[in-house]
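One structure is given below, encoded as structure tokens.
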Amino acid sequence: MLVKEHQAGLRAFIRRLGVRKDAVDDLAQEAFLLAHLEMENFRASEDFGKWLRGLARNLVRNELRKLARRCRIVDEGLTQHLLIQAELNDDEKPYTQEDFEVLQSCLSKLPERSKHLIMNRYEDNLNATTLAEKFKMTATAVRLALMRIRKQLKVCFEKQAIDVGS
Amino acid sequence: MSDHKSQLRFEELLVLFIEEQLQAQELAEFVELVKANPDFSKELQLQLEQDQLLTLFQEVRKSDHHFSNKVASAIEFQDEDFTEKVIDYALSYPKKRVSSSWGWKFLAIAASLCLSILVIYKWSDTEESLHFGVAILSQIDGELDSTYQQGDSLPAGRLELKTGQMVLTFYKGASLSVVAPAKLELLDQRQVLCLSGKIRAHVPEVAKGFTVLTPDAKVVDLGTDFGLEVGHEGQSKVHVFEGRVETYSLEKSNSDKKLILAGQAILPANGAMFEADQTIFKGILSLSEMQHKFSFERFEKWDALQNQHLNDSRLLLNYNFQKKSEDVQILYNLALGGHKYDAAIIGTAWARGPWAYKDGLSFRQASDRIRFYSPDKYRELTLACWVRVDVLENPLSSLVMSDGYATGALHWQINRNDRSIQLGIKHENNLIGKYHALGVFKDADLGKWMHLAVTIDLESMKVRHYKNGLMILERTAVSKEPVQFNYASLGNWDNPIKGNTSYVRNLNGVMAEFLFYSVALEPHEIEVLALRKNTFKQL
């Protein structure tokens, strides 16, 4: 139950620390395993998600030490910077399973072409070059379009979350 | 670079970074831009987060279950790589998460936990478990020369019943009632050697061919009921009460097969025939008779103990789990003057207890629990329960646990992974006392009634675990600070993590008694509670 509830937020959090996309799940899994082992040290008064993110941060810091033998971090300096940012902003509300419903609603509000671009990118896992051919755009334009859509979704998400909250 | 140009360059690099397409030089440039501009840093985090969420979203119908299952599976089958990572972690950050003294403790505990789990699972993952039993010790009311207990599976080998009676049920279907003194050797699932003693065999049709060897004879049952006496000199007499048996003398001069019918008896050594005599075996009880007798005797012993409990001022909580028709949701505290600490029954169902007239409460669902309140703090205490664990469905199965993990909290539970019966105490200053009896909960314990107890004496710093009245572990306590239940649950744990979410640690089985004393009882007193002895000596 706990894994199900916290997995999405934790995986998004780990990615925000500059972890390679294909290593995010591994690190999230290790964080849950560590939480399982350390469960006795978890205090009921604590926020479990916050505690879990603390474990994940330490695992990512640990990655920095062994960068030479296993490269799960894109850039050491960048991750150092992002770790500090994460600690400074640790009170941000993490994503939960329910937030996917909000995301679904935001996706449905996108213009058709944007929706197709997102679906092709994330559902069909097409890269920018392939998408460029399909949508008759340059690869750079595809990447920039995706960037803007992601930003729109974030704005929509925050607005909807506020609406739901109020 | 102007702000606009800088923004364009950042975006150009950002989209490539998201796709992990940046060259080394571009990456260095990108990192510098991010570090220098907080807005770029925020934008980067936003893009990474959204990219990850969109990836997850598209997988969500399968991925959350898939990921959850992966974690569950990894917890079950922790690999060496994970052990290494945990050790790395503990070595790297001992001061961040844990105090300096706890760093090493955590390391040692984590490593030992991982290794013990590895040993268990590496073995069980690659090989099927082997079972060496030939018979079950179905009932015993007496003393064996070994530590086998009722319900245990017995391997081939010698077995001596020194006093009393017992019933063995062989895996092929025959059952054997045995009266002491008797010496047997279990040969396999259909053969037993009786060196001395008096036995009565019941062999159903399915077990036809069951064979009893004696020093001077071989008795092959053809589906029947027969009695056998083997004297100290090894001479045997066979009495057939129903059906028929074949006997063979082991004397070379007289080794012909003899067919013995109901009502007949034989001295196989010389072939002399005479009339079967039921009276010789009159005292030998069948399995059902013995179970009946045993069950009532247990009840009488337990009932006598209830009367002693009524006057025992050391007893704080006495939940005897006997169903009261007038209120099925309250479990009354029958301790002297302790009625104010009656417990609430939530979700559990009434079930049969371990013996005649004894009730129990069955825990099945994650919500099943019995809630009680005990606000006082103690430096000495004893917890004891009659419990039958049917399956270890969860990694941890609660016997009794304080809510949450406040200072002084007590957690008594069974760990599926290392098969420990564990007592955890949250001492002062976040010091956690882990008084775990590793590997003491056996597969064979599943589905069997057992008496478990734990005593804590923080003055003498001793924590003792007992199973079926016998001490199985003594540990030194790490703190003298008093402990308390406060609000607590039997057979579950109430530890809200977020909203209504909490850990699933419910017991799967039946509990039939829970006692809580304000003193650490002595070993002989625990034997009394486990009904191994009749009365308390010092009451």
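Odds and ends about this structure:
- Scope segment A:97-115; condition surrounded by 16 or more Cβ atoms within 10 Å (Cβ to Cβ) and either touching a His at 6+ places or on another chain (Cβ under 8 Å) or within 23 Å of B:Val15 (Cβ to Cβ) (or both); matching residues: A:Leu103, A:Cys106, A:Leu107, A:Leu110, A:Ser114
- The residue pairs whose first member lies in segment B:454-477 and is under 21 Å from B:Gln149 (Cβ atoms), whose second member is at pLDDT 90 or above and of a type in the set (S, T, N, Q), and whose beta carbons are closer than 7 Å, counting only pairs six or more residues apart or on different chains, are B:Arg464/B:Thr455.
- Taking the criterion of being more than 8 Å from chain A (Cβ to nearest Cβ) and either assigned to a loop (DSSP other than H, G, I, E, B) or surrounded by 15 or more Cβ atoms within 10 Å (Cβ to Cβ) (or both), the residues of segment B:31-42 that qualify are B:Leu33, B:Asn37, B:Phe40.
- Residues in segment B:264-292 that are surrounded by 15 or more Cβ atoms within 10 Å (Cβ to Cβ) and in a helix (DSSP H, G or I): B:Ile280, B:Phe281, B:Leu287, B:Met290, B:Gln291.
- Scoring B:Phe17 on the criteria (1) more than 17 Å from A:Gly18 (Cβ to Cβ); (2) touching a residue at least 12 places away in the same chain (Cβ under 8 Å); (3) hydrophobic (A, V, I, L, M, F, W, C) leaves a single failure, condition (1).
- For segment B:438-460, the set of residues classified as part of a strand (DSSP E or B) and surrounded by fewer than 22 Cβ atoms within 10 Å (Cβ to Cβ) consists of B:Trp449, B:Met450, B:Asp457, listed by residue number.
- Condition check for A:Thr96: over 18 Å from B:Leu56 (Cα atoms) and within 11 Å of chain B (Cβ to nearest Cβ): no
- Pick from segment B:270-300, criterion within 29 Å of the chain's Cα centre (by Cα) and among the basic types (Lys, Arg), ranking: modelled with the highest pLDDT: B:Arg298
- Output for segment B:43-56, where each listed residue is within 7 Å of chain A (Cβ to nearest Cβ) and under 20 Å from A:Ala128 (Cα atoms): B:Leu46, B:Gln47, B:Leu48, B:Glu49, B:Gln50, B:Asp51, B:Gln52, B:Leu53, B:Leu54, B:Thr55, B:Leu56
- Residue ID - nearest to the chain's Cα centre (by Cα), chosen from residues in segment A:18-35 that are surrounded by fewer than 18 Cβ atoms within 10 Å (Cβ to Cβ) and facing chain B (nearest Cβ under 8 Å): A:Lys21
- Lone qualifier among A:Asn125, A:Asn120 - being at pLDDT below 85 and either outside the structural domain of A:Leu59 (by TED's automatic domain parsing) or assigned to a helix (DSSP H, G or I) (or both): A:Asn125
- Some residue of segment A:34-50 being among the polar types (S, T, N, Q), at pLDDT below 75 and assigned to a helix (DSSP H, G or I): yes
- Failed item in (1) part of a strand (DSSP E or B); (2) touching an Asp or Glu at 6+ places or on another chain (Cβ under 9 Å), with B:Phe321 passing the rest: (1)
- So A:Leu82, is it of a type outside the set (Lys, Arg), surrounded by 13 or more Cβ atoms within 10 Å (Cβ to Cβ) and within 12 Å of another protein chain (Cβ to nearest Cβ): yes
- Some residue of segment B:2-20 being touching a Lys or Arg at 6+ places or on another chain (Cβ under 6 Å), facing chain A (nearest Cβ under 7 Å) and either aliphatic (A, V, I, L, M) or part of a helix (DSSP H, G or I) (or both): yes
A quick yes/no check of all residues on (1) over 27 Å from the mean Cα position of the chain (by Cα); (2) within 20 Å of B:Val510 (Cα to Cα); (3) at pLDDT 90 or above:
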residue	(1), (2), (3)
B:Gln308	yes, no, no
B:Asn320	no, yes, yes
B:Gly338	yes, no, no
B:Gly347	no, yes, no
B:Tyr357	no, yes, no
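- With respect to the conditions (1) within 21 Å of B:Leu56 (Cβ to Cβ); (2) in a loop (DSSP other than H, G, I, E, B); (3) of a type outside the set (Asp, Glu); (4) over 20 Å from the mean Cα position of the chain (by Cα), A:Leu131 falls short on a single one, namely (2).
- Residue that is in contact (Cβ under 8 Å) with a residue 60 or more places away in the chain and away from every other protein chain (no Cβ under 12 Å), where the choices are B:Ser402, B:Ser398, B:Ser420: B:Ser398
- Across segment B:374-428, the qualifying residues are those that are polar (S, T, N, Q), touching a helix residue (DSSP H, G or I) at 6+ places or on another chain (Cβ under 8 Å) and not in a strand (DSSP E or B), and the one among them that is nearest to B:Ala444 (Cα to Cα) is B:Asn417.
- Listed by position, the strands (runs of 3 or more DSSP E) enclosed by segment B:463-523 that each have at least 1 residues that are at pLDDT 90 or above and either within 13 Å of chain A (Cβ to nearest Cβ) or closer than 21 Å to B:Ile414 by Cα (or both) are B:470-476, B:486-490, B:509-517.
The values are calculated or read from the model by the stated rules, or taken from the named source; none is laboratory data. Since the structure is predicted, the reported quantities are computational estimates derived from the model, not experimental observations. Positions of Cβ are backbone-derived with ideal geometry, glycine not excepted, and every protein chain shown enters the neighbour counts.
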